[in-house]
Amino acid sequence: MKNFVVLMILTLLASTSIAQKKNGTVFNEHETIDKTKAFWEAVKNGDKEKAKTFFADSLMVIRNGNDWQTTAEVFGENTGWWTDNFINFNIEDTPGAYPDAIEYDEGNMWVQDWLTFTGTHEKTGINLDLHVHCLYAFDDDGKIKTFIQYYNNNVFEDIRNAQTTRENGDVYINHPHIATVRKLLNAYAAEDIEATKSFFSEDVTFTSLAGGWDKSMNLEERTADVTNHFDTRKDIHFEQIGYPDCIFYELNNGYVVYSWWNYSYTEEESGKKVVMPLMLSHSFDDEGKIVQEMAYFSTNHLEE
């Protein structure tokens, strides 16, 4: 058994040594890295003529797996798209990352880097925060002959869509969900906690501008909060301002009711009358239950 264990260890060591084979040298400083940095500097400056000089006459561009055979002339002209369309455009190494130059034993020279593109699209106002992984293969003349990029294309789809006009659902001035919101506030004003709870789904979440959007309550927590209101407030009343909107959003396939109110009550202990402007947003599930309540109001008047 002992000899078998020794044999196994020697076999593993041998297989490990076979699996490891050096195939080149990695540099963190190299003239090819300087060229890629100079190329992006030209792009940032909108210098298309300078950008062309870094590429071979015949160039293969691969973006997210899609091949494009082009020329240095055409590709260089296209680099002007960034500064033509983005304000405060910038390119820098992604924090914590730096370029590598790899010289393979077969003679091929590659550079890889990790970049962050930032700026604001001038026509749509969409902000760019794009992480891009680039690989560059150099020919014997020190020109880039293959340029490969990987990135998330979503922001460009957003930019394209933002330049079109598209309907995203329907707006209702009268709808059963609007009636549900009115019934909810009537139950609240009547201090009927069970009726108030009945309009919500079990997994509903509650958020408010005053409480902070990073914090939320579940139904149990909100019930305790409302019960406290009933114990410390009287003459609760909601006065509708304008009219609610029920919107069906096609993109998310859901209904949301927006409503505006003057919420008033009297503090039991001090007798102080409070009138609070209030906007509510209620999202509904397919069963007509409220799955999210968002309240927009200011507490400044409470401090007076």
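The values are calculated or read from the model by the stated rules, or taken from the named source; none is laboratory data. Keep in mind that what you see is a predicted model, and the values were worked out from it rather than measured. Ideal geometry is used to build each Cβ from the backbone, glycine not excepted, and the neighbour counts take in all protein chains shown. For accessibility, only protein heavy atoms count, side chains too; no ligands or nucleic acids. Shrake-Rupley method; radii C 1.70, N 1.55, O 1.52, S 1.80 Å.
Taking the DSSP beta bridges in the chain as the whole, what percent of them are antiparallel, to the nearest 5? Spell out each step's value before the answer.
Working: 72 of 82 bridges.
The antiparallel proportion sits near 90 percent.
Loop-only trypsin sites (Lys or Arg not before Pro) in segment 19-99, please: DSSP not H, G, I, E or B, and at most 13 other Cβ atoms within 10 Å. List each step's numbers first, then the result.
Values: sites: LYS21, LYS22, LYS35, LYS37, LYS44, LYS48, LYS50, LYS52, ARG63; in loops: LYS21, LYS22.
Within segment 19-99, the qualifying trypsin sites (Lys or Arg not before Pro) (loop, at most 13 other Cβ atoms within 10 Å) are LYS21, LYS22.
Round to the nearest 10 and give me the degree value, 0 to 90, for the angle of helix 176-189's Cα axis relative to the longest principal axis of the chain.
Helix 176-189 and the main axis of the chain meet at about 60 degrees.
Which entries of LYS215/LYS273; LYS37/LYS145; LYS234/LYS272; LYS50/LYS143; LYS52/LYS143 have Cα-Cα distances beyond 20 Å here?
Over 20 Å Cα-Cα: LYS215/LYS273.
Rank these residues by their accessible area, most exposed first, probe 1.4 Å: THR205, THR116.
On the way: THR205 50, THR116 10 Å².
Accessible-area ranking of THR205, THR116, largest first: THR205, THR116.
Give me the Kirkwood hydrodynamic radius of segment 97-231 in Å, from all C-alpha pairs, to one decimal place? Numbers along the way, then the final one.
Working: mean 1/r = 0.0469 Å⁻¹.
Computed over segment 97-231, the radius equals 21.3 Å.
Mind telling me which of GLU287, GLU103, GLU49 comes out most flexible in a GNM of the chain, alpha-carbon contacts under 10 Å?
Maximum fluctuation in the GNM of the chain, among the listed residues, is at GLU287.
Going 7 Å from the Cα of ALA162 toward and past its Cβ, which residues in segment 110-150 have a backbone nitrogen under 17 Å from where you end up?
Flagged as within label range: 117-131.
Just one of (i) -0.61, -0.76, -1.09; (ii) -0.31, -0.49, -1.22; (iii) -0.67, -0.78, -1.12 is log10 I(q)/I(0) by the Debye sum over Cα atoms at q = 0.08, 0.10, 0.15 Å⁻¹ calculated from these coordinates, so which is it?
(iii)
In the Gaussian network model of the chain, springs joining C-alpha atoms below 10 Å, which of SER198, SER259, SER270 carries the largest mean-square fluctuation?
Greatest mean-square fluctuation among the candidates belongs to SER270.
So with the 1.4 Å probe, I'd like the accessible area per residue for the chain, rounded to whole Å². Can you show the working numbers first?
Numbers: 18470 Å² over 304 residues.
Solvent-accessible surface per residue comes out at 61 Å².
In the chain, carbon and sulfur make up what percent of the accessible area (probe 1.4 Å)?
Values: 9200 of 18470 Å².
That share works out to 50 percent.
To test your reading of the geometry: what angle, between 0 and 90 degrees and rounded to tens, separates the Cα axis of helix 31-44 from the longest principal axis of the chain?
With both axes taken from Cα atoms, the answer is about 40 degrees.
Working from Cα positions, state the angle (0 to 90°, nearest 10) between the long axis of helix 219-232 and the longest principal axis of the chain.
Relative to the chain, helix 219-232 is tipped by roughly 40 degrees.
Could you please report the charge total around ALA42, scoring K, R as +1 and D, E as -1 over all other residues with beta-carbon less than 11 angstrom from its beta-carbon? Provide the component values of the computation, followed by the final result.
Values: positive: LYS35, LYS37, LYS44, LYS48, LYS50, LYS52; negative: GLU41, ASP47, GLU49.
That sum, taken over residues with Cβ under 11 Å, equals +3.
Could you name the lysines whose alpha carbon sits less than 18 Å from that of LYS289, not counting residues in the same chain fewer than 8 places away?
The qualifying lysines are LYS183, LYS197.
So, with +1 on the Cβ of K and R and -1 on the Cβ of D and E, and no other charges, what is the size of the charge dipole of segment 210-304 about its Cα centre, to the nearest 20 debye? Could the numbers behind the result be given before it?
Numbers: 7 positive and 18 negative charges, 44 e Å.
So the magnitude is around 220 debye.
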